[in-house]
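Accompanying notes for the structure given below.
The values are calculated or read from the model by the stated rules, or taken from the named source; none is laboratory data. This one's a predicted model, so the numbers in the text were calculated from it and none came from an experiment. Every residue, glycine as well, gets a Cβ built from its backbone with ideal geometry; the counts of neighbours run over all protein chains shown.
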Amino acid sequence: MENLVYVIIVAVIIIGMMISVWYLYKKSLIKLKTVHAGSANRRTGNDDSTNLKLSLFDTFYHQGRKVNPKDYEVRIVEQDCMEARGIADGDILFIKMFSKNDNKEAMIKKGDVLFINKKYEDKILYKIREFEGYNANGEVLTFSYNKDGSHSPSSSPHSIDRIDGIVRMGFKSKWSR
């Protein structure tokens, strides 16, 4: 009888631990959204949503340090206009978002890959482009890359309030092509 009590106690502890791990896993899931790295007229139609998820149990290391996905906007790249920068279709990007009090002009440096929101038809489209500078009106000038690695200026400049963040890290994923 005494052994049965021990077995029941151990079983309850194991089941409790399994439920706790399952709960933590479910609570930690991050649904991956897309970011376009290509022409808006070639977009796939995912428009900011996928069925892909990451959890805090997925580990990411950058320069020898573990990175917490919850500290970043995490996006999966769609298309290939940033391949010359090593960012390919299917890669996972960690984007440091600006807060409303940040001085974006002081934080953005030439060569940064910017996370931009752009109104396209009736939706907001999120895309990445490399920062080049500012025009005379203070608008942000960006470019993408052609297949041969040459620059292709963006079709129009962006208002600074459309710049939401800067890509800080990129990771190859099982979805990378």
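Here is how the numbers come out for the structure above:
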read-out: Test: residue in the stretch 99-120 that is at pLDDT 95 or above, charged (D, E, K, R) and part of a strand (DSSP E or B); value: no
read-out: Condition met for N46 (farther than 30 Å from E121 by Cβ, at pLDDT below 85 and of a type in the set (S, T, N, Q)); value: no
read-out: L141 vs. criteria in contact with a Phe, Trp or Tyr (Cβ under 9 Å, 6 or more places away or on another chain) and surrounded by 21 or more Cβ atoms within 10 Å (Cβ to Cβ); value: no
read-out: Residues of the stretch 151-169 that turn out to be in a helix (DSSP H, G or I) and of a type in the set (G, A, S), as a count; value: 0
read-out: Qualifying positions in the stretch 88-111 - surrounded by 18 or more Cβ atoms within 10 Å (Cβ to Cβ) and either in contact with a Cys (Cβ under 7 Å, 6 or more places away or on another chain) or among the charged types (D, E, K, R) (or both); value: D89, D91
read-out: Any chance F131 is in contact (Cβ under 8 Å) with a residue 12 or more places away in the chain, within 22 Å of H62 (Cβ to Cβ) and in a strand (DSSP E or B); value: yes
read-out: Residue match in the stretch 155-176 (condition: on the phi > 0 side of the Ramachandran plot and exposed (fewer than 11 other Cβ atoms within 10 Å of the Cβ)); value: no
read-out: Verdict on T34 being at pLDDT below 85, within 14 Å of the chain's Cα centre (by Cα) and hydroxyl-bearing (S, T, Y); value: no
read-out: Residue, nearest to P153 (Cα to Cα), within the stretch 118-131, restricted to residues that are in contact with a strand residue (DSSP E or B) (Cβ under 8 Å, 6 or more places away or on another chain) and surrounded by fewer than 17 Cβ atoms within 10 Å (Cβ to Cβ); value: K119
